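The values are calculated or read from the model by the stated rules, or taken from the named source; none is laboratory data. Keep in mind that this is a model prediction, so the values were computed, not measured. Virtual Cβ from ideal backbone geometry, glycine too; neighbours counted across all protein chains shown. For the accessible areas, the whole protein counts, side chains as well, though only heavy atoms, and no ligand, DNA or RNA atoms are used. Shrake-Rupley method; radii C 1.70, N 1.55, O 1.52, S 1.80 Å.
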Amino acid sequence: MTRTLFSLAQPQPGLRVSITTQPAQHAGAVLCRGRFPTPLGTVVALGAGGALWALGFVGPMPEDRVEADLVARFPGARLVEAPEALAPAIQALLAGEGEIAVRLGGTAFQLQVWRALAEVPPGQVISYAMLAERIGRPNALRAVGTAVGQNPVSWAIPCHRVTRTDGRIGGYHWGEAVKRALLAREGASIAPRAIAAL
């Protein structure tokens, strides 16, 4: 009789994020709004057409300010309370598996940075300098940092995975505690020697 000492786990499908830039204009758009309690705190989300358009965390910033911050990115859009339209995306983010769509609107440079962020796998971190090199703009470190900070769909486009070159955690629009919680949840290490050479 042969005993199995261990078995190889089947690879997990993980979370797949598809990015769209349509519609290019947001004036007159009707955006669904939802608030969701999570282990990381309350998440405020906006979206339309089956895609997340914006996502933010309540923490140092109170919920009304988080919502105002997100809504300001889409002047002329109209909000409707429809958390059920956004719940599947939030559930996929919490589970770390499934498929979600995000809508990104920004400059060509911002889109380049955000697409590169989407390629950083869970549990890994990348420095701002490495991200700048990855997009072929090694001297645009400050512009890369600004674009990272302007990411409208945090968590889904993982700006929390960007740290300083010296291994310090760096800033995060929704607060350092949320960034640390997201990284810890993914099992990421932010020690200088652990920064992945992606």
Regarding A118, is this residue in contact (Cβ under 8 Å) with a residue 24 or more places away in the chain, out of contact with any Pro (no Cβ under 6 Å at 6 or more places or on another chain) and not polar (S, T, N, Q)?
yes
Within segment 168-181, how many residues are under 14 Å from I126 (Cβ atoms) and part of a helix (DSSP H, G or I)?
1
Taking segment 69-100 only, how many residues are open to solvent by 30 Å² or more (accessible area, probe 1.4 Å), of a type outside the set (D, E) and within 24 Å of R185 (Cβ to Cβ)?
6
Segment 151-178, subset over 14 Å from R115 (Cβ atoms) and of a type in the set (S, T, N, Q), residue most open to solvent (accessible area, probe 1.4 Å):
T165
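Out of V44, V66, which single residue is part of a strand (DSSP E or B), open to solvent by less than 50 Å² (accessible area, probe 1.4 Å) and not hydroxyl-bearing (S, T, Y)? I'd like the intermediate steps shown before the answer.
Details: V66 fails: part of a strand (DSSP E or B).
Criteria check complete, one pass: V44.
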Output the residues belonging to segment 51-62 that are surrounded by 15 or more Cβ atoms within 10 Å (Cβ to Cβ) and of a type outside the set (A, V, I, L, M, F, W, C).
G56, G59
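Only residues that are outside any loop (DSSP other than H, G, I, E, B), among the small types (G, A, S) and either modelled with pLDDT of 95 or more or more than 17 Å from G171 (Cβ to Cβ) (or both): list them for segment 97-128, please. Give the derivation first.
Kept after step one, since they are outside any loop (DSSP other than H, G, I, E, B), are these residues of segment 97-128: 98-103, 108-118, 126-128.
Then drop every residue that is not among the small types (G, A, S), which leaves 98, 101, 108, 116, 118, 127.
Matches in segment 97-128: G98, A101, A108, A116, A118.
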Does Q25 satisfy the criteria of being open to solvent by 30 Å² or more (accessible area, probe 1.4 Å), polar (S, T, N, Q) and modelled with pLDDT of 95 or more?
no
